[in-house]
Structures are given as structure tokens and as C-alpha cells.
Amino acid sequence: MECFVAVGEQGSIAGAAAALMLSPSAITGALNELERAFNAQLTIRRKAHGVSLTPSGQYVLSQARGLLHAATDLQVMAADAGNTLRGKVVIGCYSSLAPTLLTELMAEYGNRHPEVELDFFAGTQQEIHERLLSGELDLAIAYDLTVPPGLTRKRLREAVPVVVLPADHPLAALDTVALAELVDEPMILLDVNPSRENTEMMFSAAGLTPWIRFRTTDFEVTRSMVARGMGYSILVQRPAVDVSYEGRPLVVRQIHPAVRHVPISMVWSEGVRLSRSAEAMLELSLELHRR
């Protein structure tokens, strides 16, 4: 079954053999044996075209990952009758959420379960989704927007979009700012999804079109540009201190009328049974956000 999962992920017998450090003939033998055991064709093998999975193979692949997780769980827990969590958990996180949500979770989890090996990946929403579906990540913290089929999630909290302004901007004197007051001002758009999509939807719902002067793909570059008076921005995450990396002040204001909140969830593949260590990570994340 491990050989079959490797073939499904690598797309070829040679790739699976290299990943598992086995001979191609051993991989082929394992595939043949699995297909005999299930009495079903799981793969389509073409020379020079790699291996594709049949519909039955796709189903078996989705279930096999969960069974392998469970087998690994059983193996690592057997030594002490399951009293101590062991194994490995790889968690992903949307990059702008990582400094405020991921680090707290990993630090607390490491304190509670020191025998578990932790690793993480921070990237774009699309990268997070792709790695969850491919089995490279156990769990991920991401905005609960445009989640593709094959993933399930549990809500952690909701974030509120805010306007970020230079400290000397005339609108900074107001307690709240309307989107209509911003349309003639230069915007610095955080041009990565779901941030871009959420900002565009906010203005579209209000019947407004913002003047986008600059586009960035980095959260802190966006804040630094705002602090230097180059425009305003709409951001969801808010660091503990309203200053840029350069130490320049920023002013953060709520938007009125209120705009829709952005849900943040823990996401994982619905085709994979979470290991006990991963389940503990999910439970801890829910506990931290109930505080």
C-alpha cells in the first residue's frame, strides 16, 4: 500500500522507486499484488507516459493515506501503550497568519508534547491547499475562503478587515472610515489571494472601484509603504504594534458600515484520517481560540 501511495503521488514507478529507495521491480510487484488482493484495476501503466490512476485507484489512494497514518500511529504508540504522543506533525499556515497564530500554537504544542517531531510550511493559500491534498501537510491554518473540494475544516476565529493609514493622513483623525472616503485615495493592494479577493469583494459590494496605485505580495512591504505615505491599505491581520519595520507609525481604523468578517479555520484533507498527534494539534488550536 505504501508503494501504491508513492506511485500515486509521484506519477511513475521510477519516481516511487526513488522516493522509497526500492527497485522499480519491487514497486511493480507491490502494485500487482495490491490489484490482485482488491480484484480491481487501480493503475493504468504506459511506457514513457508514467502511471495514471483509475477511478478505483483514486478512491483507494484517498483511503490508503489514512490507513498508513493509522498504522504509523499504532507503531509509534505501542512502546508505551499510547501514554505519550509521538510521531511527526507537519502543519501549514497562510504566510501573513503565521507570525501571530502559528508560532503560539507550535510553542504550546511543543511544551505539551515534546516527543512529537514538529515541522511547518508557510506560504500562499493555493500552496497550502495543494500540499494538504497531496498529503505533504497534516493540517493548516488558513482563511476559510475558496476552500477546494477534498478539504474539510473547523472554524477557529473570525478576523475583521481594517484600514491602515499613514499617521499624518487626514482620515486618521476619524474614529472610523467609510470605503466611499477611500476611493479617491491611492491604495496599496496586498495582491495575494484571499486578501486580494476579499478587498475586491468589499468595494464591489459597496458599488465602488478603488484606485489601486501599487500592488505588493508581501504583508510587511505593504505596511512599510503605507507608513511612508504612499497610500492606504486594507488588511485583515494586525500586529501587536502599529509601526512598520522601519519604526514608522501607522494608524488602524475600523471600516463603516461594517464589512463581512473573514473566517480563519484549521483545514485538513477529508480523505486522510488524522493521526493522534495531529488530532491533538487540532484540539489545542481550538482551545487556544476559545480563550
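The values are calculated or read from the model by the stated rules, or taken from the named source; none is laboratory data. The shown structure was predicted, so the numbers you read here are calculated from the model rather than taken from an experiment. No Cβ is skipped: glycine too gets one built from the backbone with ideal geometry, and neighbour counts run over all protein chains shown. Heavy atoms of the whole protein, side chains included, go into the accessibility calculation; ligands, DNA and RNA do not. Shrake-Rupley method; radii C 1.70, N 1.55, O 1.52, S 1.80 Å.
Enumerate the amide H contacts of residue 88 below 5 Å, restricted to partners 5 or more residues apart or on another chain; note that Pro and chain-start residues carry no placed amide H.
Excluding prolines and chain starts, which carry no amide H, the hits are 117.
How would you classify region 111-184 from its alpha-carbon gyration tensor, with a ≥ b ≥ c the square roots of the eigenvalues: rounded for a/c under 1.5, else prolate if a/b is greater than b/c, otherwise oblate?
prolate
Would you mind computing Rg(Cα) / (2.2 N^0.38 Å) for region 156-236, counting N as its residues? Intermediate values should be presented prior to the final figure.
Details: Rg = 12.0 Å, N = 81, 2.2 N^0.38 = 11.7 Å.
For region 156-236, the normalised Cα radius of gyration comes out at 1.03.
For residue 212, which sequence-distant residues (separation of 5 or more, or a different chain) have an amide H within less than 5 Å of its own amide H, given hydrogens modelled in the peptide plane?
Correct list: 187.
Through the Karplus equation 6.51 cos²θ - 1.76 cosθ + 1.60, θ set to phi - 60°, convert the phi angles of region 153-160 into ³J(HN,Hα) values in whole Hz; use x for Gly and Pro.
Computed from phi, the couplings for region 153-160 are 8, 10, 5, 9, 6, 10, 10, 10 Hz.
Are there DSSP H segments in the chain that both extend 20 Å or more along their axis (alpha-carbon positions) and score a mean Kyte-Doolittle hydropathy of at least -0.5? List them, or say none.
24-38, 55-77, 276-290
Going by average Cβ neighbours within 10 Å, how do the peptides 36-47, 58-69 rank, with the highest at the top?
Going from most to least packed, we get 58-69, 36-47.
Compare 120, 214 by solvent-accessible area with a 1.4 Å probe and give them largest first, with all protein chains kept in place.
120, 214
Give me the log10 of I(q) over I(0) for region 231-291 at q = 0.21 Å⁻¹, as the Debye formula computes it from C-alpha points; what are the numbers?
Taking Cα atoms of region 231-291 as identical point scatterers yields -0.96.
Ignoring ligands, DNA and RNA, what accessible area per residue does region 142-291 give at 1.4 Å, in Å²? Each step should come with its number before you reach the end.
On the way: 7290 Å² over 150 residues.
Value returned for region 142-291: 49 Å² of accessible area per residue.
Largest first and to the nearest Å, give the Cα extent of the chain along each principal axis.
Computed over the chain, the largest-to-smallest principal extents equal 73, 47, 31 Å.
Considering only protein heavy atoms and a 1.4 Å probe, what is the carbon-and-sulfur percentage of the accessible area of region 63-192?
Carbon and sulfur together cover 51 percent of it.
Amide H neighbours of residue 167 under 5 Å, at least 5 residues apart or on other chains, H built in the peptide plane: list them.
251
Going by the alpha-carbon gyration tensor, a ≥ b ≥ c the square roots of its eigenvalues, is region 176-291 rounded (a/c under 1.5) or, if a/c is not under 1.5, prolate (a/b greater than b/c) versus oblate? Before the final figure, lay out the partial values.
On the way: a/c = 2.26, a/b = 1.78, b/c = 1.27.
In terms of gyration-tensor shape, prolate.
Could you tell me what percent of the DSSP beta bridges with both partners in region 171-283 are antiparallel, to the nearest 5? Write out the running numbers ahead of the final one.
On the way: 1 of 9 bridges.
The antiparallel fraction comes to roughly 10 percent.
Order the following by accessible area, largest value first: 209, 216. Probe radius 1.4 Å; ligands, DNA and RNA are ignored. Walk me through the numbers on the way to the answer.
Values: 209 115, 216 15 Å².
Sorted descending by solvent-accessible area, the residues read 209, 216.
Mind running the shape call on region 37-170? Use the C-alpha gyration tensor, a ≥ b ≥ c as the square roots of the eigenvalues: rounded below 1.5 for a/c, prolate if a/b tops b/c, oblate otherwise.
Numbers: a/c = 2.98, a/b = 1.42, b/c = 2.09.
Oblate, since a/c reaches 1.5 and b/c is not below a/b.
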